[in-house]
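Asker: This is the structure I want to talk about, given as structure tokens.
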Amino acid sequence: MRRREVVSHRYEVSDVLDAYGIRLTGLSETLRDIADGLSDVQLLELLEGVCGHWHGTPSVTPEELLAAVPHWPRFRGSARLLRVLPYVRADVGSPQETQLRRTIVANGLPEPRVAHPVVIAGITFHPDLSYPDLRIAIEYEGDHHRTDARQWDSDIRREGLFRDVGWAYFRVTRSTNMREFLDRLEAEVTHRNST
């Protein structure tokens, strides 16, 4: 196609999948197409969605992507993709959890673990974020945590179990005052590191 102010590209698509009878580019092809048009933050959120369980089983692990990308055909955005991939974590449950973890790290705190298993009273929990060695858990709670009665009861019970065995437990929502939360978290990290 030739038109003024239009640049068309033609290339061989090798990664194609069929979804409900519609041919779509697969993961590697799609990442090559969009990596250059996203910011580092947007790309991190996208990759953690692909490597997380937001909408089912993860498509790929961060390690698999890190090993595969250098072998893909050249594409714009490859440097950005390779720069962001080491910061991608598996098992992130939502974009808000990605943003929360980034905010914590950007404010000088150590990076918390993602979905690290914690066994309390014979039950294995996976807090969204945690510092297991310091016994600090951080949960991001979307609106469904408030509106679903069963989820609300479960959250309260979980917090109680963690606190009963000496964990500090932080619950963060979209209306949380982030400065206050970060100050409290930093004080807790400092306190528990000193004892």
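Asker: Want the number for Val119 to Ala187: 0.36 nm per residue separation, take away the alpha-carbon distance, what's left?
Answerer: Result for the pair: 22.0 nm of gain on full extension.
Asker: If each residue of separation counts as 0.36 nm, what is the full-extension length gain between Leu27 and Arg157 once their alpha-carbon separation is subtracted?
Answerer: Roughly 42.9 nm would be gained on extension.
Asker: Sticking with this structure for a sec: With a 1.4 Å probe and every protein chain kept in, tell me what percent of the accessible surface of the chain is carbon plus sulfur.
Answerer: Ligands and nucleic acids excluded, carbon and sulfur reach 50 percent.
Asker: Moving to a separate point now. Give me the number: length gained by fully extending Phe75 to Arg4, i.e. 0.36 nm times residue separation minus the C-alpha to C-alpha distance, one decimal in nm.
Answerer: 23.2 nm
Asker: Could you state the accessible area per residue of region 1-116 in Å², with a 1.4 Å probe and every protein chain left in place? The partial results should precede the final answer.
Answerer: Working: 7690 Å² over 116 residues.
With all protein chains present, region 1-116 gives 66 Å² per residue.
Asker: I'd like to know which of Tyr87, Gly77, Val60 lies farthest towards the positive end of the charge dipole of the chain, counting +1 on Cβ of Lys and Arg and -1 on Cβ of Asp and Glu.
Answerer: The residue sitting farthest along the positive end of the dipole is Gly77.
Asker: Net charge within 14 Å of Thr61 by Cβ-Cβ distance, Lys/Arg positive one each and Asp/Glu negative one each, not counting Thr61 itself?
Answerer: Summing Lys/Arg as +1 and Asp/Glu as -1 gives -3.
Asker: Report D for the chain in µm² per second (integer): Stokes-Einstein, Kirkwood Rh on Cα pairs, 20 °C, 1.002 mPa s.
Answerer: My calculation gives 112 µm²/s for D.
Asker: Quick one: putting +1 on the C-beta of Lys and Arg, -1 on the C-beta of Asp and Glu, what dipole do you get for the chain around its Cα centre, in Debye to the nearest 20?
Answerer: 560 debye
Asker: If you don't mind, another one. Using a 1.4 angstrom probe on the protein heavy atoms only, line up Ser154, Ser28 by accessible area, largest first.
Answerer: Ser154, Ser28
Asker: Restricting to the chain, compute how many DSSP beta bridges are antiparallel as a %, nearest 5.
Answerer: 70 percent
Asker: In Å, what Kirkwood hydrodynamic radius results for region 100-195 from the alpha-carbon pair distances?
Answerer: Kirkwood radius, region 100-195: 13.9 Å.
The values are calculated or read from the model by the stated rules, or taken from the named source; none is laboratory data. Computed from a prediction, not measured in an experiment: that's the story for all the values here. Glycine also receives a Cβ, built like all others from the backbone with ideal geometry; neighbour counts cover every protein chain displayed. Keep in mind that these areas ignore ligands, DNA and RNA; they rest on the heavy atoms of the full protein, side chains included. Shrake-Rupley method; radii C 1.70, N 1.55, O 1.52, S 1.80 Å.
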